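Okay, structure first, notes after.
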Amino acid sequence: MSSALISGRSGLRNSSSRVAFLILVLGFFGLQNSAFLSSASILAVFQGLVFVGIASVFLTILITSGEFDISVGANAALSGTIAAYFVVRGDHEPWNGPSSTYNPDGEHVSPFIGLLIGALVGAVIGFINAAVVLLGKVPSFIATIGMLFAAKSLATYIPEGKPIRGYYDHGRASNPDLFNSFFVKNLSIIIFLVLLVIGHVILKRMNFGRVVAAIGSNKEAARTSGVQVAKMKAVLFVATGAGAGLAGAVSVFHFGAIYFSLGSGWELTAIAAIVLGGTSLFGGRGTIIGLIYGLFLMQSIASGMVSVGIDPWWQTVITGAIVLFTLVIERVRERFK
Amino acid sequence: MATKQSFALEMKDISKSFGNTVALRNVNLKVSRGSVHGLIGQNGAGKSTLMKILSGLYSHDTYEGLTFVDGKEVKLKSALDAQAVGIAIVPQEITVADTLSVADNLLLPALNEGRSKLYRASANLEKAKLVLKDFDIALDASALAATLTLVQKQILMIARALSLNPEVLVLDEPTSSLTGDEIENLFGVVHSLRERGIATVFITHKMDEILTLCDFVSILRDGEVVFEGERSVFDADILVSKMIGRNLGDLYPQKNKMELKSDVVFEVENLHVPDPKRRGKALLEPFSFELRRGEILGIGGLVGSGRTEILKTIFGEYRKLGGKIRSGGNEVTVQNIQDAIGNGIGYLTEDRKVEGLFFNLRVKQNFSASVLHLLSRFDFLIKVLENRKVREYVEKLRVKPQDSNAPLTSLSGGNQQKVVLGKSLMTEPKILLLDEPTKGVDIASKAEIYRTMVNYAESGVSIVLVSSEFPELLAMSNRVLVFRNGKMIGEVEGKLENERDLMLMSIGGSK
């Protein structure tokens, strides 16, 4: 059992109070507006966190290794844009195009292939991050801020600041049954759940996860144990990039369109959720279960405030305050343990 | 059956240079199975370079010479290569992953090798327990590594290396943070390695460890092997003279005798030292002492007897729970470090890596950091003043290299320690608190530090000295206060002959 047991034990103690806090938040908004606790509303909360969630899974593992990627949102925007470009261009000029002009004679790329393209572009961005950080010895926080600006600008520049629409016009026309099926309608949620399982297995059920935690906890300990630290980190950067790219493509897939503002602020939501969940920002300790809690808490607060009609200008202030409050509480508890 | 007697490890004609600097010149090292091979030399003699070659950190194409393990030539490119051919290195720095369990740390090499496999918690725990039991190591495999003491972490690192079943085990100054029983414990482990036929390379600064433990010794000086021989052909005098090129005789300077009739300049009365881990609780029973002008007062006891905490309380880093501090006959208030410095108290930390130095800065900036206000006019740092002051101390302490613009990291451990000492001396304290001033320092630097201490004592500065090395404590101090089990239990006169008494008082009871 070893550390699994230990972290499990303290994890349990933590998680009971965390669940209590989440219920408190949900209950508070539920009392204000009973519609908030309807299943449709809860589902909407869940749907709302899926995209940033997909981008957060491998980011959690990367942070566990002691590195950082703040470019996930911009990565999603650029990867989603490029994926959409390839899927849509057979039908109409990608941007400037009307919302729906299916062209049966065009060269078509399946929307499913579009998801792969998104992940691939994301992986390339992750690879560049890895090269800058690991070969260029630039701290990952700074390096990926650079990538954030570059990717964000490209995602705006390529479509000239215009939205790309009609992502599955072709798919829907050629195979209407498939595109109206439960599977396709809920594909984003399915992908998210699959990634969560994969992430959890990697981090907690595979030796790989222990090695990652060791790297984040004490790089030299890992190195003297024969771990090829840079190689491992490179893999994690690429995986994080691929996850972010996939998140962008999944978003296009879900909404059928993409606008360059996609992914704005994801990096902050993702990092807040990851840390709220109990992953250490300094590396060495990471949890996917905690990530789910963090995402759910962030999204519940955001949706709850909408449902009780709080002034949108105040919403982000309140979110920020709650994040700071919970983090301080957790740090204080940790210190007195 | 082994036909010919090949060595477990043989390094042949190893030469390596960095630019124009020759780090190693035709070094040969032969280590037999089942022997403990001492590798000694001062800092900068080339030990680290040789070990980096052996551990694969320097790729085989960056130096000349050959390495054989078990008679077979190996070409090492990475730490992984070294591990694969049976070379395991236990570095001097504590490298343990705190957020993992002891078992996970222990099996980290295996976990890494099988990182695509599922993590089997209970199987790993059993495996780890077996390794620990096999080598008779008393560690709880399921404990979180963060809960271990420094010593336990050191032992965990050795266990981790042993879990690889190495042919050759390299221990790089494994005792630098251990004392008494703990060292014995470690020696027990090393003895069992000998019985198992493992070749152990033991790197150390400490003479008694070589004499009690090593079957063979190689001495490096300026990148060359200047001596090699079996246990029967060397003694302490030979080792020291080969290492430093002169005799041990003048390692400890003559003490300052004038203190006996000098006046009391500093007094501690009923000092309540707090326990840093338990808020509001005392670590030690209250105690008092007087310090005369020019006196060197030793504080003895084992690690954990509260020695560091005493110094930190006097220095105001820990808030005292009660008691009085008098300087020059008047009671002084020491609530924090600023108060202490203001009252002429200087402190040298035991842990130069964490508390003592700025590793990203230059030698000069390290020196002047604590006295910037003295080197400034209208809050602007006057470079001329800084350069003059730093040069004075670089010369006084004989820091090498003499270039005060050199990056701190380019200095050897001994010279870094001189910088830490210089930092506390620059505040021109009347009372100097020294916590392990020669920890992890080579013999030549030790001699310099001793000389500096006596010079200051003779100029009227009073020193409180904490040291785990009993000979050092006795030779340098006029008298030694001994602490055990949370209280001050007595005093020993500072004479080398009193080592046995000091040891008995520190560990308690008779042996």
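Every number in this text was worked out from the coordinates using simple rules, so none of it is lab data. Everything quoted here is computed from the prediction, not taken from an experiment. For neighbour counting, all protein chains shown are included, and Cβ atoms are generated from backbone atoms with ideal geometry for every residue, glycine included.
Suppose R0 equals 45 Å; then what is the FRET efficiency for B:R326 and B:I238 from their Cβ-Cβ distance, rounded to the nearest 0.05?
In this case the efficiency is close to 0.35.
Between B:D134 and B:D181, what's the calculated FRET efficiency when r is the beta-carbon distance and R0 is 25 Å? Round to 0.05.
0.70
Show which lysines lie in cross-link reach of B:K133 when reach means a straight Cα distance below 20 angstrom and same-chain residues fewer than eight apart are skipped.
B:K153
Arranged by the count of other C-beta atoms within 10 angstrom, fewest first, what order do B:H37, A:H254 take?
Ranking B:H37, A:H254 by Cβ neighbours within 10 Å, fewest first, gives A:H254, B:H37.
Write down the percent of antiparallel bridges among all DSSP beta bridges whose residues are both part of the protein assembly as shown, to the nearest 5.
If I count the DSSP bridges inside the protein assembly as shown, around 60 percent turn out antiparallel.
Is there a simple number for the mean count of other chain Cβ atoms within 10 Å of the Cβ of residues in B:77-83, and what is it?
3
Quote the FRET efficiency, to the nearest 0.05, computed for A:Q47 versus A:V138 with a Förster distance R0 of 35 Å and r equal to the Cβ-Cβ distance.
Working from the Cβ atoms, E equals 0.45.
Limiting things to C-alpha atoms, what are the Rg and the maximum Cα-Cα separation (Dmax) for segment A:2-335, in angstroms?
Gyration radius and largest Cα-Cα distance of segment A:2-335: 20.4, 66 Å.
If each of A:F149 and B:N387 carries a label point 7 Å out from its Cα toward its Cβ, how far apart are those two points in nm?
So the two model labels end up 3.7 nm from each other.
Neighbour counts of other C-beta atoms within 10 Å: give me B:T175, B:T313 arranged from fewest to most.
Least to most surrounded, the residues fall as B:T175, B:T313.
I need two numbers for segment B:262-507: Rg to one decimal and Dmax as a whole number, Cα atoms only, in Å.
17.8, 56
Take B:E395 and B:N485, extend 7 Å from each Cα along the Cα→Cβ direction, and tell me the distance between the two endpoints in nm.
5.4 nm
Quantify how strongly other chains surround peptide A:227-235 by giving the mean number of their Cβ atoms within 10 Å of each of its Cβ atoms.
The per-residue average across the peptide is 2.
Have a look at the DSSP beta bridges in chain B and tell me what percent are antiparallel, nearest 5.
55 percent
Under DSSP H, which helices of chain A have Cα atoms covering 30 Å or more of the helix axis and a Kyte-Doolittle average no less than 1.6?
Those that pass (Cα extent of 30 Å or more, hydropathy at least 1.6) are A:39-64.
Give me the inter-chain shielding for B:101-110: mean count of other chain Cβ atoms within 10 Å, whole number please.
Partner Cβ neighbours, averaged per residue: 6.
Given segment B:262-507, what percent of its DSSP beta bridges are antiparallel, to the nearest 5?
60 percent
Pairs B:K281/B:K324; B:K423/B:K446; B:K12/B:K400: which are spaced more than 20 Å apart, C-alpha to C-alpha?
Over 20 Å apart, Cα to Cα: B:K12/B:K400.
Counting other C-beta atoms within 10 Å, which of B:D98, B:D134, A:D177, A:D69 has the fewest, and how do the rest follow?
A:D177, B:D134, B:D98, A:D69
Just how far, in whole angstrom, is segment A:114-163 from segment B:190-228 if you go by their alpha carbon centroids?
53 Å
Would you kindly calculate the translational diffusion coefficient of chain B, applying Stokes-Einstein with the Kirkwood radius from alpha carbon pairs, for 4 °C and a viscosity of 1.567 mPa s, and quote it in µm² s⁻¹ without decimals?
In µm²/s, the coefficient is 52.
Excluding B:L496 itself, what net charge comes from residues whose Cβ is under 13 Å from its Cβ, given Lys and Arg +1 and Asp and Glu -1?
Result for the local shell: -3.
What distance in nm separates the simple spin-label points at B:D403 and A:V306, each placed 7 Å from Cα in the Cβ direction?
Spacing of the two 7 Å Cα→Cβ label points: 6.2 nm.
Given the options A:M232, A:M206, A:M147, which has the most mean-square fluctuation in a GNM of chain A, springs set between C-alpha atoms less than 10 angstrom apart?
Per the Cα network of chain A with a 10 Å cutoff, A:M206 tops the list.
For the protein assembly as shown, restrict the atom set to alpha-carbon positions and state the Rg and Dmax in Å.
32.2, 108
Leaving out same-chain residues fewer than 8 places away, which aspartates and glutamates sit with a Cα under 16 Å from that of A:K152?
A:D69, A:E160, A:E267
Give the peptides B:369-382, B:461-474, A:209-222 in descending order of average Cβ contacts within 10 Å, highest first.
A:209-222, B:461-474, B:369-382
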